[in-house]
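Where a number appears in this text, it was derived from the coordinates with a stated rule and is not lab data. These figures come from a predicted structure and were not determined experimentally. Reconstructed Cβ throughout: ideal geometry from the backbone, glycine too, with neighbour counts over all protein chains shown.
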Amino acid sequence: MSAIEFTFNPFMAMSYAYSSQPERSPLHERISVVALVVMLHALLFASYWLQPESPAVLVNEMSISFANMQMQQADITPQAKPKPREPEPLPAEEPAKQEEVQPVQQEATPPSPIVLDAEPDYRADYLNNPRPPYPMVARRMGYHGKVVLNVEVLAEGKAGEVQLHQSCGYDILDNAAIQTVKTWRFSPARRFGQPVTQWFLVPIKFSLEGDEA
């Protein structure tokens with residue numbers, strides 16, 4: 001509390017005394033304190049929002065975890081090297097069918113005829129060969145015809161084997177001719193002046209007209 005003196009009259013001085021701070025009640029003081037605190041908080045809040053925002057700096061952090069790496073290495077199993085792929089076997093080629101070549105059957109060429117100096121002969125007069133008999137049964141039945149015999153004339157002039165080369169159609173005449181020719185004598189074939197064995201065809205004719213043989 002202070003005292004201020006006012007002088008209106010030089011002869012009379014009046015003094016007034018007043019208190020610069022009025023007396024406050026405790027409630028009033030509490031309210032004042034609370035208001036002051038609220039104002040301070042409001043100022044701080046306003047200053048925080050009114051400050052210019054600093055540019056955000058992005059920091060890329062790389063963290064390495066050895067434990068994680070070991071686990072990953074443990075999880076990764078070594079892969080076996082791929083085996084080289086074996087080439088697929090080519091399909092087996094079917095063997096070409098070989099056509100069976102049938103050998104050409106060559107016709108047997110008949111042996112070249114032997115060149116003879118003379119053929120066998122049965123007609124020579126000195127041979128005296130009889131004619132084949134004409135069987136009486138064949139005459140009565142009217143059988144006739146020509147028989148051809150294949151005769152083996154031996155080198156000594158005798159008849160060897162006698163075969164029926166061509167029949168006249170009647171066995172009785174064929175047999176009569178064969179049996180007769182077996183008894184004949186022949187002039188043998190000759191080669192280089194020497195007698196040789198030679199097959200020879202002998203025709204025998206049976207005829208009712210002239211009894212020719």
Problem set entry | Likely footprinting exposure, Glu88, Glu119, fewest C-beta neighbours within 10 Å first | Glu88, Glu119
Exercise. Residues with amide H under 5 Å of Ala118's amide H, sequence separation 5 or more or different chain, H placed in the peptide plane at 1.01 Å from N; which?
Worked result: Arg190
Problem set entry | Debye, to nearest 20: dipole size of the stretch 125-206, +1 on Lys, Arg Cβ, -1 on Asp, Glu Cβ | 220
Problem set entry | Sequence of His165, His28, His144 once ranked by neighbouring C-beta atoms within 10 Å, starting from the fewest | His28, His165, His144
For this session: Enumerate the amide H contacts of Val153 below 5 Å, restricted to partners 5 or more residues apart or on another chain; note that Pro and chain-start residues carry no placed amide H.
Result: Gly160, Gln198, Trp199, Phe200
Exercise. Between Thr197 and Ser47, what is the spin-label point distance in nm, taking each point 7 Å from the Cα along the Cα→C-beta axis?
Worked result: 16.1
